[in-house]
Amino acid sequence: METNKYDLVASLKGVGSSTANALQDLGIVTLEDLVMTFPYRHEDFRLKNLAETAHNERVTVEGRVESEPSLLFLGKNKSRMQVRILAGQHLIKAVFFNQGYLKDKIIPGSIVTVSGKWDRGRQVINVSTFSIGPKTDLQDFEPVYSLKGSINQKTFRKFMRQALDHLKGSLVDPLPDSIRVPYRLPGISDALEGIHFPLDAEHSKDARRRFVYEELLVFQLKMQAIKKVRKEQNVGNGIAFHNDLVKKLIETLPYELTDAQKRVVNEICRDLREPHRMNRLLQGDVGSGKTIVAAICLYAVITAGYQGALMAPTEILAEQHASSLDEWLAPIGVRIALLTGSTKTKARRAVLENLAAGTIDLLIGTHALIQPDVVFKKLGLVITDEQHRFGVEQRRVLKDKGENPDVLFMTATPIPRTLAITAFGEMDVSIIDEMPAGRKKIETHWMKPDQLHKLIARLKSELATGRQAYIICPLIEESEKLDVQNAVDVYNMMTEELKGTSTVGLMHGRLHSDEKEQVMRDFSEGAIQVLVSTTVVEVGVNVPNATFMIIFDAERFGLAQLHQLRGRVGRGEHQSFCVLLADPKSEEGKERMVSMTETNDGFILAEKDLELRGPGDFFGKKQSGLPEFKVADLVHDYRALNTAKVDAERLLDSKEFWDSSEMAGLREMLINSKAMDGERID
């Protein structure tokens, strides 16, 4: 009877009921499950010349035993055995820990093969793998799998070899030749051999390349299909805005838009005209000019007789947006209102009446915008600033206040392109990746904690010129577990240091929201000259007079967070400075500090952060939002991800993908895909 991929692993020789249960615990029931369980690395057993092997490198050598093994017992069940081996021109020692049972098998004059870590100075190999005779029964590359329970690597490899031999020639390749051949990707059988038991390094590399592409293509097919379905189901307004009026506004702005801003405005305005509801993410580094883009797009919908809404996470940020938009749009007749939790009852009632009557064109505010009594006459565009600060439900309530309004999310958190494509794959993404001309670069320096006295002197001279400063700390109060500066201690120290010259304020997450707002207002208005704070100042604060920032224990922050914090200064005409006070012990920590001093580009830093910390740490463990890939690596496989995205869009738009028999395997993978939990494409 012909073997197929749906056969149970129990059909393999040596797999009894207990072994089948152990395999089931690993998620392996069928032969397909088994062969699609990939190794996470390969042991390299190629023979190497010791003269060309670096210290501490793993090495495999073949040689003649030149001495009797000497065995020393070190205690209960612990031993150390050593033997001299002539490997080529090198007489070396092979050291075996807790492998005394091999003593009688190692005979002087016999040929043996040993693998392990090479101690170049002492000419010693610490043996991890050993076999009697020349290297014949060892493959050059032996797969290492992530296993648990009673099954060991050797047994698992034996089952894998059997399964691959059984399925050879019977597997249907889900990737058709029309996709595979142009990219020189191996067929399914050859790729499975290469991923498990490669003949050489090139074979392994080609196999990995094929499965990376396949995995990312299926993921992108899923994401793009969901995006397509949602778009078709989300009927939009097809807003016919007055292009000449929008152009006139752009011409009257106090400065010329950057090329990136122009590109993004065009992308959003194109969406506004579409008959489908816009669902777009706008990314832009701190100071890149997202607010002016928002103003232009809001004005566009207003010219077509619609209303706009802009929701910000804090009152201060809402007020800042209202001030900027009022400056740009009020002179051309746009009627703007602000609605926050602090809006007095009488004023609030007037805003609500005018909004419902349509005599307010643009409403700016906090989550106060989503209260049930806030009713728009004709809402066309909803913009949510720092969208990750609002819950999904809050964002949904606002967009449900109109008849299918277009939706734009803005964020100043630079998200690496790989993560933007994966975490926000169902959205369109626009990126402002260019800073306005003339913006001064924030000078960033790294200093050790023992230089604090010099740093305080530098701070005092900056304050003496009338400027203001932030001091950022990782914790609120003392912790026995972490030897880090805390905000309360630093506040007390700075109050003492600056007594009689500057007022010091304190802000942290345990303050009530009203208290936070008041502290920030005092700092914005200059009543506080130095603000000691935890990371709650990260987003959306605009104090142009603040030109100096000290970040205590900077090594405790990720690059993305350090960059966000640094963006609180450098918002005015004066030169700004950021000092990282840190003494990192790890190479990664030192690398982060150096990266911060070398660039002000948030996207470069975000990519570096992703490289250093990985995608899970970038978003935080809880907010993964990211798929778990078996082979693909979001850091290193960015090009493949981009290629897969373009190919997926093309395939989904083609009749061939949905109808042809050669695409059947790919269609099946798409339908069964778990790329996004809870969503199926049938």
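The values are calculated or read from the model by the stated rules, or taken from the named source; none is laboratory data. Note that the structure is predicted; figures quoted are calculated from it, not measured. Here the Cβ is made from the backbone with ideal geometry for all residues, glycine too, and neighbour counts use every protein chain on show. Surface areas here come from the heavy atoms of the whole protein model, side chains and all, with no ligands, DNA or RNA. Shrake-Rupley method; radii C 1.70, N 1.55, O 1.52, S 1.80 Å.
Looking at this structure, is ILE415 β-branched (Val, Ile, Thr), modelled with pLDDT under 90 and either under 26 Å from TYR255 (Cβ atoms) or part of a loop (DSSP other than H, G, I, E, B) (or both)? Yes. Of the residues ASP647, ASP637, ASP653, the single one that is over 11 Å from the mean Cα position of the chain (by Cα), within 30 Å of LYS590 (Cα to Cα) and modelled with pLDDT of 80 or more is ASP637.
Table: residues versus (1) outside any helix (DSSP H, G or I); (2) under 28 Å from LYS585 (Cβ atoms); (3) modelled with pLDDT of 75 or more.
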position	(1), (2), (3)
LYS377	yes, no, yes
GLU393	no, no, no
VAL397	no, no, no
ASN404	yes, no, yes
LEU408	yes, no, yes
HIS445	yes, yes, yes
LEU455	no, yes, yes
LEU463	no, no, yes
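Filtered by the rule that a residue be surrounded by 14 or more Cβ atoms within 10 Å (Cβ to Cβ) and either over 16 Å from VAL127 (Cβ atoms) or of a type in the set (A, V, I, L, M) (or both), the range 66-85 gives LEU71, MET81, VAL83, ILE85. The C-beta contact set for the range 519-531 (first residue at negative phi and part of a strand (DSSP E or B), second residue buried (at least 20 other Cβ atoms within 10 Å of the Cβ) and among the hydroxyl-bearing types (Ser, Thr, Tyr), distance under 8 angstrom, 6+ apart or interchain) comprises VAL530/TYR470; LEU531/TYR470. Return the pair list, or none, for Cβ contacts closer than 8 Å from residues in the range 436-450 that are open to solvent by 90 Å² or more (accessible area, probe 1.4 Å) to residues that are in a loop (DSSP other than H, G, I, E, B) and of a type in the set (Val, Ile, Thr), at least 6 apart or on different chains. From residues that are open to solvent by 90 Å² or more (accessible area, probe 1.4 Å), the pairs are ALA437/THR258.
Does GLU353 qualify as being at pLDDT 90 or above, open to solvent by 10 Å² or more (accessible area, probe 1.4 Å) and either in contact with a Ser or Thr (Cβ under 6 Å, 6 or more places away or on another chain) or not β-branched (Val, Ile, Thr) (or both)? The answer is yes for GLU353. The residue that is farthest from ALA437 (Cα to Cα), among those in the range 564-598 that are within 19 Å of the chain's Cα centre (by Cα) and open to solvent by 10 Å² or more (accessible area, probe 1.4 Å), is GLU588. Does at least one position in the range 284-291 carry a residue that is modelled with pLDDT of 95 or more, part of a helix (DSSP H, G or I), open to solvent by less than 30 Å² (accessible area, probe 1.4 Å) and closer than 26 Å to ALA560 by Cβ? Within the range 284-291 (the criterion being modelled with pLDDT of 95 or more, part of a helix (DSSP H, G or I), open to solvent by less than 30 Å² (accessible area, probe 1.4 Å) and closer than 26 Å to ALA560 by Cβ), the answer is no, since none of the residues qualifies.
Any residue at all in the range 333-343 that is free of Cβ contacts under 8 Å to residues at least 24 places away in the same chain and of a type in the set (D, E, K, R)? Spell out how you get there, then give the answer.
Within the range 333-343, the first condition is being free of Cβ contacts under 8 Å to residues at least 24 places away in the same chain, and the residues that meet it are 333.
Applying the additional criterion that residues be of a type in the set (D, E, K, R) yields none.
There is no residue in the range 333-343 that is free of Cβ contacts under 8 Å to residues at least 24 places away in the same chain and of a type in the set (D, E, K, R).
Given the structure, is ILE188 closer than 30 Å to PHE657 by Cα and in contact with a Leu (Cβ under 6 Å, 6 or more places away or on another chain)? Criteria met by ILE188. Can you tell me which residue in the range 498-524 is nearest to ASN545 (Cα to Cα), limited to those that are open to solvent by 60 Å² or more (accessible area, probe 1.4 Å) and of a type in the set (Gly, Ala, Ser)? Filtering first and then ranking leaves GLY500.
Yes/no matrix, rows are residues, columns are (1) at pLDDT below 95; (2) closer than 17 Å to TYR638 by Cβ; (3) more than 27 Å from the chain's Cα centre (by Cα):
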position	(1), (2), (3)
HIS203	yes, no, yes
PHE211	no, yes, no
MET223	yes, yes, no
VAL229	yes, no, no
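Quick one: would you say ARG84 is out of contact with any Lys or Arg (no Cβ under 9 Å at 6 or more places or on another chain) and either under 30 Å from MET669 (Cα atoms) or not polar (S, T, N, Q) (or both)? No, not satisfied. Of all residues in the range 152-189, which are surrounded by 13 or more Cβ atoms within 10 Å (Cβ to Cβ), modelled with pLDDT of 90 or more and outside any helix (DSSP H, G or I)? Of everything in the range 152-189, those that are surrounded by 13 or more Cβ atoms within 10 Å (Cβ to Cβ), modelled with pLDDT of 90 or more and outside any helix (DSSP H, G or I) turn out to be ASP173, PRO174, LEU175, PRO176, LEU185, PRO186, GLY187.
Number of residues in the range 218-264 that are closer than 24 Å to ALA300 by Cβ, of a type outside the set (Asp, Glu) and in a helix (DSSP H, G or I) equals 16. Can you find, within the range 129-149, the residue that is surrounded by the most Cβ atoms within 10 Å (Cβ to Cβ) among those that are at pLDDT below 85 and out of contact with any strand residue (DSSP E or B) (no Cβ under 8 Å at 6 or more places or on another chain)? Across the range 129-149, the extreme among qualifying residues is GLN139. The numbered conditions (1) open to solvent by 70 Å² or more (accessible area, probe 1.4 Å); (2) touching a strand residue (DSSP E or B) at 6+ places or on another chain (Cβ under 9 Å); (3) charged (D, E, K, R); (4) under 16 Å from MET160 (Cα atoms) are all true for LYS13 except (2). Scan the range 85-128 for residues that are at pLDDT 90 or above and among the aromatic types (Phe, Trp, Tyr) and jot them down. PHE96, PHE97, TRP118, listed by residue number.
Condition first: within 30 Å of GLY567 (Cα to Cα), modelled with pLDDT under 90 and not in a loop (DSSP other than H, G, I, E, B). Can you find one or more residues in the range 620-633 that meet it? No: the range 620-633 contains no residue that is within 30 Å of GLY567 (Cα to Cα), modelled with pLDDT under 90 and not in a loop (DSSP other than H, G, I, E, B). When the strands (runs of 3 or more DSSP E) confined to the range 1-99 are screened for residues that are of a type in the set (Ser, Thr, Tyr), those reaching at least 1 such residues are found at 58-65, 70-75, 78-87. Checked against the criteria, ILE296 counts as closer than 24 Å to PRO405 by Cβ, open to solvent by less than 20 Å² (accessible area, probe 1.4 Å), among the β-branched types (Val, Ile, Thr) and assigned to a helix (DSSP H, G or I).
Would you check which residues across the range 105-128 are open to solvent by less than 40 Å² (accessible area, probe 1.4 Å) and either in a strand (DSSP E or B) or under 25 Å from LYS205 (Cβ atoms) (or both) and list them? Lay out the reasoning, then the answer.
Quick first cut of the range 105-128, residues open to solvent by less than 40 Å² (accessible area, probe 1.4 Å) only: 106, 110, 112-116, 118-119, 124-125, 127.
Within the range 105-128, VAL112, THR113, VAL114, SER115, GLY116, TRP118, ASP119, VAL124, ILE125, VAL127 meet the criteria.
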